[in-house]
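A.B. asks: Next up is a structure, given as structure tokens.
The values are calculated or read from the model by the stated rules, or taken from the named source; none is laboratory data. Remember, it's a predicted structure, so these values are computed and weren't measured experimentally. No Cβ is skipped: glycine too gets one built from the backbone with ideal geometry, and neighbour counts run over all protein chains shown.
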Amino acid sequence: MQFQVGDRVMLKVSPWKGIIWFGKRGKLSPRFIGPFKVLKRVGLQAYQLELPSELNRIHNTFYICYLRKSLADGKSVIPLSELRVDEGNRCVEEPDAILESKSKKLCHKEVTMVKVQWKHHRGANVTWEAEEDMKRRYPRLFV
């Protein structure tokens, strides 16, 4: 695979599991971040990327196996300035609204689930969450 100067690419971050800068831990952490613009080709197998100032601690040259062509259009990209980051440099997702509620029977108890619409969430921005957890983390939604 080869990229041209000006192409938009996604950067693979899963090797950085010890340094969680990009959201959730473990298998739910994002595998790619970006898109970033290719500035120039370095040698046969590396590319220099235009990284935002938030990622200034990372060297901007990457081997080709850590890059994927970005298929996202400009509308689906969330600027880093709009995201809230906590003291551990993790992205904090915020719920926008609760759309509906339903009851789910588990082995020995019944749990109320709520359908939550998330701000700045890529892909399907609606998930089912346990009402008890949501009330504890975001009490302003249940007023």
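A.B. asks: Mind listing just one residue for me: the one in region 82-96 that is in a strand (DSSP E or B) and of a type in the set (A, V, I, L, M, F, W, C) and, of those, nearest to the chain's Cα centre (by Cα)?
C.D. replies: Cys91
A.B. asks: Please verify whether Leu99 is within 16 Å of Met1 (Cα to Cα) and either assigned to a loop (DSSP other than H, G, I, E, B) or modelled with pLDDT of 80 or more (or both), treating the condition exactly as stated.
C.D. replies: no
A.B. asks: Looking at region 12-34, can you tell me whether even one residue there is at pLDDT 90 or above, touching a Cys at 6+ places or on another chain (Cβ under 9 Å) and part of a loop (DSSP other than H, G, I, E, B)?
C.D. replies: Checked against the condition, which is being at pLDDT 90 or above, touching a Cys at 6+ places or on another chain (Cβ under 9 Å) and part of a loop (DSSP other than H, G, I, E, B), region 12-34 yields no hits at all.
A.B. asks: Name the single residue that is farthest from Glu132 (Cα to Cα) among those in region 68-96 being at pLDDT below 75 and basic (Lys, Arg).
C.D. replies: Ranking the qualifying residues of region 68-96, first place goes to Lys75.
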